[in-house]
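Read the structure below first, then the notes.
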Amino acid sequence: MSSIVFLGTGPGSPVKGKCSSSCLLHASSAKVLIDAGEPCSLRLCDLGIPISDIDAVLITHGHSDHTAGLPMLVQAAWLEKRRRPLPVYMPAELIAPLRAWLDAVFLPEKLVGFPLIFHPWEAGRHEEIAPGVVVAPFPTTHLAGLRRIIEPGASHRFEIFGLDLQAGGQRVIFSSDLGTPQDLEAVLEQTCDVLVCELSHFTPDDLFGFLRGRAIGCLMLNHLAAGLAGREQEIAALARRELPDVPEIFVPRDGQTVEF
């Protein structure tokens, strides 16, 4: 049976009792870290999962609540004496800054003792990122507003990708951050076994209205807006009422493992 460990379920702003965005997908004997919000290394330690067991790291976009735990993850892997390569997939624009960041905090590759292999995402390209785990990234519009404010003419920046994975014989979709639920339109044209969807940038009514009638085997609501903190059971009950055709619905807490 495959599983997702929710290391951090918080939104972009700090919320008491919640860490920043990070999940561990365990499928087909592979362990894949999806986003590295801090303190993902501590969460892995708390759960008894060696960082040396991670087969790949997938970063959806550059926001700090999805990336701030990366240097500590590399440092922890070094101190655990990892030796096998660590593939890291991310938007191309992040690769050079991340290398510079690691150099700035004294974690160059020649010190850590294992190769860090950086792979840029390409929308729609299928890649086997770990044994038995294939991913096809798809773009979302979450950063479109920031592009208009910061650098309107940018053509190769502000990239963000959701992840469409085949793992353990099942199709698992991680929404990443969305501009609107309609960003999921194309990937939900076909049945998905698991949808891990954020609920931070639109209302529950907006999301559930969009998902109604979709062929989804299990819905896991993640990355809830700060204003929804403490209302997890209420949100789960609302989702079950509004989406009666979805067999399983969860609003996971930090540290929770959900099997599927």
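Would you confirm, using the coordinates I've provided, whether LEU79 is hydrophobic (A, V, I, L, M, F, W, C), at pLDDT 95 or above and either within 20 Å of HIS142 (Cβ to Cβ) or touching a strand residue (DSSP E or B) at 6+ places or on another chain (Cβ under 8 Å) (or both)?
No.
Quick check: anything in region 98-105 more than 30 Å from LYS81 (Cα to Cα) and either among the β-branched types (Val, Ile, Thr) or modelled with pLDDT of 95 or more (or both)? No, because not a single residue in region 98-105 is more than 30 Å from LYS81 (Cα to Cα) and either among the β-branched types (Val, Ile, Thr) or modelled with pLDDT of 95 or more (or both). Filtering region 118-142 to residues that are open to solvent by less than 30 Å² (accessible area, probe 1.4 Å) and not in a strand (DSSP E or B) leaves TRP121, THR140. Between ASP35, ASP55, ASP65, the distinction of being out of contact with any Gly (no Cβ under 6 Å at 6 or more places or on another chain), touching a residue at least 24 places away in the same chain (Cβ under 8 Å) and closer than 18 Å to ASP254 by Cα belongs to ASP35 only. Pairs meeting the criteria (first residue in region 6-25 and farther than 13 Å from ASP177 by Cα and open to solvent by less than 10 Å² (accessible area, probe 1.4 Å), second residue among the aromatic types (Phe, Trp, Tyr) and part of a strand (DSSP E or B), beta carbons under 8 Å, at least 6 apart or on different chains) are CYS23/PHE6; CYS23/PHE174. In region 70-99, the residues that are closer than 11 Å to ILE59 by Cβ form Cβ pairs under 8 Å with partners that are open to solvent by 20 Å² or more (accessible area, probe 1.4 Å) and in a helix (DSSP H, G or I), at six or more places apart or across chains, as follows: LEU70/TRP101.
The values are calculated or read from the model by the stated rules, or taken from the named source; none is laboratory data. It should be emphasised that the depicted structure is a prediction, and the values quoted were computed from it without experimental measurement. No Cβ is skipped: glycine too gets one built from the backbone with ideal geometry, and neighbour counts run over all protein chains shown. Quick note on the areas: whole protein, heavy atoms, side chains included, nothing else; ligands and nucleic acids left out. Shrake-Rupley method; radii C 1.70, N 1.55, O 1.52, S 1.80 Å.
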